[in-house]
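The values are calculated or read from the model by the stated rules, or taken from the named source; none is laboratory data. Not measured: the values here are computed from a predicted model. Methodologically, a virtual Cβ is constructed for each residue, glycine included, from the backbone with ideal geometry; neighbour enumeration extends over all protein chains shown.
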Amino acid sequence: MTMLPEWRNAGGWLGHGGVLLYTALAHAGGAYTMAHWRTHGLAAATAAVILVAHARIWAAYLIHEAAHGSVFKSLPHNNTFGTVALWLCVPPVSVVK
């Protein structure tokens, strides 16, 4: 028997799951573009900074929703989801070093 998370709302997988996917892909694409700014140009790097900032705002929204317990029906699943969103919002200092 698997303990798959049950979304609180029927469309939760599309809303919250889509935002989590967007934040992960925006971070990956933004980090790649910022790291290779000489290849892609300064305008692309500036756009990447704005994209990552936007993704972190959405990640903070996901942390807020998980803290209210409004993503999944069970508290442990909300805590795990909030932890993943927290990593996307602010990576731990030990990872950044």
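Tally up the residues in segment 51-60 that are within 20 Å of Asn78 (Cα to Cα) and exposed (fewer than 14 other Cβ atoms within 10 Å of the Cβ), please.
Within segment 51-60, residues that are within 20 Å of Asn78 (Cα to Cα) and exposed (fewer than 14 other Cβ atoms within 10 Å of the Cβ) number 1.
Going by the conditions given, is Ile57 modelled with pLDDT of 90 or more and under 30 Å from Arg8 (Cα atoms)? Judged against the criteria, Ile57 is a match. Residues that are assigned to a loop (DSSP other than H, G, I, E, B) and surrounded by 15 or more Cβ atoms within 10 Å (Cβ to Cβ) within segment 1-36 comprise Pro5, Arg8, listed in sequence order. Within segment 61-84, track down each residue that is part of a helix (DSSP H, G or I), touching a residue at least 24 places away in the same chain (Cβ under 8 Å) and buried (at least 16 other Cβ atoms within 10 Å of the Cβ). Across segment 61-84, the qualifying residues are Leu62, Ile63, Glu65, His77, Phe81, Val84. For segment 37-50, the set of residues classified as under 23 Å from Trp87 (Cα atoms) and either in contact with a helix residue (DSSP H, G or I) (Cβ under 6 Å, 6 or more places away or on another chain) or surrounded by 13 or more Cβ atoms within 10 Å (Cβ to Cβ) (or both) consists of Ala45, Thr46, Ala47, Ala48, Val49, listed by residue number. How many of the residues making up segment 39-53 are modelled with pLDDT of 90 or more, at negative phi and more than 22 Å from the chain's Cα centre (by Cα)? Residues flagged as modelled with pLDDT of 90 or more, at negative phi and more than 22 Å from the chain's Cα centre (by Cα) within segment 39-53 amount to 3.
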